[in-house]
Amino acid sequence: MLLLILDLCGVSVFAISGGLVAVRRQLDIVGVLVLATVTGLGGGWLRDVLIGVTPPAALEDWRYLVAAIGGGLVTFWFHPALGRIERVVNVFDAFGLGLFCVAGALKAAEHGLDPLPAAILGMVTGIGGGVIRDVLAGRVPVIFTLGELYAIPAVAGSAVAATGFELGLEPATVALPAAALTAGWRLLAIRRGWTAPVPRS
Amino acid sequence: MLLLILDLCGVSVFAISGGLVAVRRQLDIVGVLVLATVTGLGGGWLRDVLIGVTPPAALEDWRYLVAAIGGGLVTFWFHPALGRIERVVNVFDAFGLGLFCVAGALKAAEHGLDPLPAAILGMVTGIGGGVIRDVLAGRVPVIFTLGELYAIPAVAGSAVAATGFELGLEPATVALPAAALTAGWRLLAIRRGWTAPVPRS
Amino acid sequence: MLLLILDLCGVSVFAISGGLVAVRRQLDIVGVLVLATVTGLGGGWLRDVLIGVTPPAALEDWRYLVAAIGGGLVTFWFHPALGRIERVVNVFDAFGLGLFCVAGALKAAEHGLDPLPAAILGMVTGIGGGVIRDVLAGRVPVIFTLGELYAIPAVAGSAVAATGFELGLEPATVALPAAALTAGWRLLAIRRGWTAPVPRS
């Protein structure tokens, strides 16, 4: 139950980030709601389609849809206020990232995938929605371009979760430290301005 | 049989709209045929992959492929004439939209999805092909940007169809009014210049 | 065993082409590795998701992931050298294209698809990774725009393989000539500067 509430909060925060991108690109209400929904749920849909769990849980379950679409509607109406507290949104986003990556990696591992593919699918769960958001908004995904540390903390927590599962640890035992690794590293990166390496030119 | 013919006509009209985008973007024949095919069939493929009906019917059945590729070839050769009658193409496109949305929502409902996800998948069936077309053509999907009323009539008809199914009505009974709602609203929107709301700035 | 090694080489070459696009677009290491991976493996993932073989073999099997990510890391570190030998990369890419198309078409045919859809899925296997790469890099897929002959040789070899399978020929018998058709035509097109037809304007 607690996990469901956390998950729905994560979906809403991701959806708000998607809606804000749409508002800034001057899209209409359809754009805001579609970008909010795919940002909130798209990563999980990608993972579920790739592991063959269809229809995806977050498409069948109306609560997930309402959390995502609700995040979009809130953004449509209250975007000036949300834009002003974007740093707060980014903090919650970091927690959502940790939650999604670990839940995604564990779900993939439970479906029989080895640690390396499970870790990749955990990362896909965490970053996939934002990548689809950026493609639909007509820009190169920001996690590829700005050097911001986002995907690397995501894959780190996913890898810890997938490895813990492989070693036979209880999912509940491994989930918290793995999610904390992702969220903590991401928060430190925001605070300290850490960036990902770029190719030498 | 009538339904199949209507469906194939809808695919061809969508394919022509995809081909015209490709021609205007000065793509080569590969671009024209690929954009025509994904515009005509991509929405149904997305829906089928999400509900786990694989391979999608419109990929297995050669008649759908021929309708889509044929629409692309016709556009490649006769695009000046087709471009001149684009308003006629848009009228047929509205009927295709109604048909696709309702058929998509009913198919999702028949596979056990609740009304909300079924309505969303109906909309995905109707608009998904055009969204993929625009992403591949390097532009933000027009249904997000121009404020044109396209997705809202699509989701309205899908919701009527999904709700009717949930209430136990015969699919044949609910399909016609639901498709008429989508197509009629869309045609009125074209005629009257109705637009979707945009976020206040 | 030989087939596996050839397949992994093809994945690595495709991954290098994806990594080079990322480097030229000044993406960071995340962009380089993601583009390398989707270019190397994305076509096969698309095919497997569409025919319902999930999780895709090239996601479950760590050797494919290592070949793709390894190609990306090599590009990240040694891109100046790789950029200088890009014509050599293009030659290997033509062989990879032939291999992927034929393997993809035969896999689709073995899963019961008719020759036309199987040929299309063979082409998707060969060109899908590059199309995803270009969309993620923010450009219209080059195979649609430059008039370069890439997709047409791809679909030709795929069609030969799918037709041969339909006629009951041994996969091993049909694979080599079909792959040679794709690779040879592609190499001749590079050498002679052949291009695909464009719509008259």
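Computed values, structure above
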{"item": "Built amide H within the under 5 Å cut-off of A:GLU148, gap 5+", "result": "A:ALA196"}
{"item": "Karplus-derived 3J(HN,Hα), 6.51/-1.76/1.60, for each residue of the range B:98-104, Hz, glycine and proline x", "result": "x, 5, 5, 4, 5, 4, x"}
{"item": "Part-to-part distance (alpha-carbon centres) for the range A:67-113 and the range C:9-32, which is given in Å", "result": "29 Å"}
{"item": "Phi to ³J(HN,Hα) by Karplus 6.51 cos²θ - 1.76 cosθ + 1.60 over the range C:136-145, Hz, x for Gly, Pro", "result": "5, 7, x, 9, 5, x, 4, 6, 9, 10"}
{"item": "Burial order of peptide ranges B:167-177, A:13-23 (average beta-carbon count within 10 Å, highest first)", "result": "A:13-23, B:167-177"}
{"item": "Exam field: C:GLY52 pseudo-label spacings to other copies (7 Å along Cα-Cβ), nanometres", "result": "1.1, 1.1"}
{"item": "Prolate/oblate/rounded label for the range A:32-122 (Cα gyration tensor, a/c 1.5)", "result": "oblate"}
{"item": "Other copies of A:GLY184: label-to-label distances in nm, shortest first, labels 7 Å along the beta-carbon direction", "result": "6.2, 6.2"}
{"item": "Neighbouring partner chain Cβ atoms per residue of B:137-144, average, 10 Å criterion", "result": "6"}
{"item": "Chain C: most fluctuating residue of C:THR125, C:THR163, C:THR54 per GNM, C-alpha cutoff 10 Å", "result": "C:THR54"}
{"item": "Global geometry of the protein assembly as shown, whether rounded, prolate or oblate, following the gyration tensor of its Cα atoms and the 1.5 cut on a/c", "result": "rounded"}
{"item": "Per-residue average of Cβ from other chains inside 10 Å of A:117-123", "result": "3"}
{"item": "Helix C:62-84 axis, angle to chain C major axis (alpha carbon atoms, nearest 10°)", "result": "50 degrees"}
{"item": "Charged-residue dipole, Cβ positions (Lys, Arg, Asp, Glu), the protein assembly as shown about Cα centre, Debye nearest 20", "result": "2340 debye"}
{"item": "Alpha-carbon centroid distance for the pair the range C:164-185 / the range A:41-55, whole angstrom", "result": "34 Å"}
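Every number in this text was worked out from the coordinates using simple rules, so none of it is lab data. In this text, all values refer to a predicted model and were calculated from it rather than measured experimentally. Don't worry about glycine lacking a Cβ; one is built from the backbone with ideal geometry, like all the others, and counts go over all protein chains shown.
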